[in-house]
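**Student:** I'd like to ask you about the structure that follows.
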Amino acid sequence: MTAEKIIENIYAVGAKDWNRRLFDELIPLPDGTTYNSYLVKGKDKTVLIDTVDPTKTEVLLSNLIEIGTAKIDYIIAHHAEQDHSGSLPRMLAAYPMAKVLTNPKCKELLKDLLLIPDDRFQTVADRETVPLGDKTIEFIYAPWVHWPETMFTYLREDKILFTCDFLGSHLAASELYATEAVYNSNKRYYAEIMMPFRSNIRNNLEKIKDLDFTMVAPSHGPIFKEPKFIINAYADWASDQVKNEVVIPYVSMHGSTQVMVDYFVDALIKRGITVKPFDLPKTDIGELAMALVDAATIVIGAPTVHVGPHPAAVYAAYLANALRPKLKYASIIGSFGWMSKEVEVIAGMIPNLKVEVIPPVVAKGYPKPEDFASLDRLADDIMNKHQANELVKK
Ligand code: FEO
């Protein structure tokens, strides 16, 4: 890996992680990721913007040496999560004159997480500026994208907005700059990381809307030379507008729930609705999260295990509840042998979803004609709800 010049005196010095396949031991990374770090050389002061995951510290140090970085005056910490801050202790040792520029909340987190001493910090306020000589950096607090302490840096003269996780993607690529092909990687990242904070995202988009920037440089994934592309995508994803789509995360043990799901998928398609079924034991949860970004309705499919829902369906319900998508309707389909409380259990697990629960369809054993009729009734109910929201042409 090597340092890459963005414009005169501004370099990308971070690391690509081509082979990482899991983040937080939770989130699949089919395309790896990057930990972007940027070096800005002002006439008087040199600033490093974010560091890298601790597994890649040597790459960062080597890139800095490659471009002759004899001194660093400031290291900006936008965010305390270790994929960006984890190399800070080593960087502070390598550059003993450097101060960490961050906000008070992030400072406290960095002291807790990385045991960085108090005297290595210089805190900055929202909209505070720090001169570098011929350049000026401005700090913009951006809380809850996705931690409470997050902030951006605006490099005024060069019109670059450094946004840390915000507007980023888990995508290791040869290219430094984004093309339209990155859309799905960014949407996946938004779905997995940002979606629970939609109102904060809208606030932060509002906060930067009058800034004059021509480049967005996040701390994961490619840099945007056409910022409108990603700003518009975020505005769409974070809006309240839902699409005529039903997401069906499901699991089947002996085939009864599978038969119901197959019938129900066809019933919805016949009614002009886009359907996205996910067989949970085989599903990449990032794909499921992406489907939840736009959908109007979720229908969870589950057989009964020990009276309650199958644990895979419990996981899907928990995940949907945690991600807080802008769903409007929910329901449940599935089967049971002798008794079931799966509907009560799943319905009780989704308080964060501000949805109307449409009466579910639960079959005793293999679905019978009356169960298929009930699935048609559920498909009609969903179509009528979508029509009432003008999601389907009548
Ligand atoms: Fe990329 Fe929230 O860390």
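**Student:** Could you order peptides 157-165, 297-305 by the average number of other Cβ atoms within 10 Å of their residues, highest first?
**Tutor:** So the order, starting with the most tightly packed, is 297-305, 157-165.
**Student:** Out of residues 5 or more away from Val275 or on other chains, whose amide H comes under 5 Å of its own, with H placed 1.01 Å from N in the peptide plane?
**Tutor:** Val246
**Student:** Quick one: what are the phi-derived ³J(HN,Hα) couplings along the range 266-271, Karplus 6.51/-1.76/1.60 with θ = phi - 60°, whole Hz, x for glycine and proline?
**Tutor:** Per-residue couplings from phi come out as 5, 4, 6, 4, 4, 8 Hz.
**Student:** If you take every DSSP beta bridge whose two residues both sit in the range 249-394, what share of them, in percent to the nearest 5, is antiparallel?
**Tutor:** Here the antiparallel bridges make up roughly 10 percent for the range 249-394.
**Student:** Another question, then. At 0.36 nm per residue, minus the direct Cα-Cα distance, what do Leu113 and Thr55 gain on full extension? Give it in nm, one decimal, please.
**Tutor:** 19.3 nm
**Student:** Pick out, in residue order, every one of the trypsin sites (Lys or Arg not before Pro) in the range 279-385 that is DSSP loop and has at most 12 other C-beta atoms within 10 Å; say none if there are none.
**Tutor:** Lys354
**Student:** Given Ile382, Asn184, Pro227, which one lies farthest toward the positive end of the charge dipole of the chain, if we put +1 on the Cβ of every Lys and Arg and -1 on the Cβ of every Asp and Glu?
**Tutor:** Checking the options against the dipole of the chain, the answer is Ile382.
**Student:** When a/c reaches 1.5 or more, the comparison of a/b and b/c decides; with that in mind, is the range 142-291 rounded, prolate or oblate per its Cα gyration tensor?
**Tutor:** prolate
**Student:** Next question, about the same structure. Net charge around Pro143, counting only other residues with Cβ within less than 9 Å of its Cβ (Lys, Arg = +1; Asp, Glu = -1)?
**Tutor:** Result for the neighbourhood of Pro143: 0.
**Student:** Quick check: residue separation of Arg127 and Ile65 times 0.36 nm, minus the Cα distance between them. What number comes out in nm?
**Tutor:** Here the segment from Arg127 to Ile65 would lengthen by 19.2 nm.
**Student:** Sticking with this one: Compute, for the range 193-324, the length of the dipole vector about the Cα centre, with Cβ point charges of +1 (Lys, Arg) and -1 (Asp, Glu) only. Units Debye, rounded to 20.
**Tutor:** Dipole of the range 193-324, to the nearest 20 debye: 140 debye.
**Student:** With both bridge residues required to lie in the chain, what share of the DSSP beta bridges run antiparallel, to the nearest 5%?
**Tutor:** Here the share of antiparallel DSSP bridges comes out near 45 percent.
**Student:** Still on this structure: Under the Karplus relation 6.51 cos²θ - 1.76 cosθ + 1.60, θ = phi - 60°, what is the ordered set of whole-Hz ³J(HN,Hα) values for the range 30-47, x standing for Gly and Pro?
**Tutor:** With the stated coefficients, the range 30-47 comes to x, 10, x, 7, 10, 10, 7, 9, 10, 10, 10, 9, x, 4, 10, 10, 10, 10 Hz.
**Student:** A further question on this structure: If you take every DSSP beta bridge fully contained in the range 65-222, what fraction is antiparallel? Give it as a percent rounded to 5.
**Tutor:** 50 percent
**Student:** Given the options His84, His170, His310, state which has the largest fluctuation in a GNM of the chain using a 10 Å cut-off (strictly under) for Cα springs.
**Tutor:** In the Gaussian network model the winner is His310.
**Student:** What list of ³J(HN,Hα) values in whole Hz, one per residue of the range 339-346 in order, does the Karplus curve 6.51 cos²θ - 1.76 cosθ + 1.60 (θ = phi - 60°) give from phi, with Gly and Pro shown as x?
**Tutor:** For the range 339-346, the Karplus curve yields 7, 8, 10, 5, 5, 4, 5, 5 Hz.
**Student:** Further question: Output the relative contact order of the range 1-115, whole-number percent, from Cα pairs under 8 angstrom with separation of 6+ residues.
**Tutor:** Normalised by residue count, the contact order of the range 1-115 is 21 percent.
**Student:** Which cross-chain or sequence-distant (5 or more) residues have an amide H under 5 Å from the amide H of Gly301, H modelled 1.01 Å from N in plane?
**Tutor:** Tyr250, Val251, Ile333
**Student:** Rounded, prolate or oblate: pick one for the chain, where a ≥ b ≥ c are the square roots of the eigenvalues of its C-alpha gyration tensor, a/c under 1.5 means rounded, and failing that, prolate if a/b is larger than b/c, else oblate.
**Tutor:** Since a/c reaches 1.5 and a/b is larger than b/c, the shape of the chain is classed as prolate.
**Student:** With a cut-off of at most 15 other beta carbons within 10 Å, and DSSP calling the residue loop, which chymotrypsin sites (Phe, Trp or Tyr not before Pro) in the range 18-57 qualify? Please list them.
**Tutor:** Answer by residue number: Trp18.
**Student:** On to the next question. Which whole-angstrom value gives the distance between the alpha carbon centres of the range 58-102 and the range 105-158?
**Tutor:** Cα centres, the range 58-102 to the range 105-158: 14 Å.
**Student:** For the chain, build the charge dipole from Cβ charges (+1 Lys, Arg; -1 Asp, Glu) around the Cα centre, then report which of Thr129, Ile201, Thr163 sits farthest towards its positive end.
**Tutor:** Working it through, the farthest residue towards the positive pole turns out to be Ile201.
**Student:** To the nearest 20 debye, what charge dipole does the chain have about its Cα centre, counting +1 at the Cβ of each Lys and Arg and -1 at the Cβ of each Asp and Glu?
**Tutor:** Using only the charged Cβ atoms, the result is roughly 400 debye.
**Student:** A further question follows. List every residue whose amide H lies under 5 Å from the amide H of Lys341, counting only residues 5 or more places away in sequence or on a different chain, with H placed 1.01 Å from N in the peptide plane.
**Tutor:** The list, which skips near neighbours in sequence, is Gly308.
**Student:** Run through the range 23-75 and list the trypsin sites (Lys or Arg not before Pro) located in a DSSP loop whose Cβ has at most 15 other Cβ atoms within 10 Å.
**Tutor:** Loop-located and lightly packed - Lys43, Lys71.
Coordinate-derived values only; no laboratory data. Not measured: the values here are computed from a predicted model. Cβ sites come from the backbone with ideal geometry, for glycine too, and all protein chains shown count toward neighbours.
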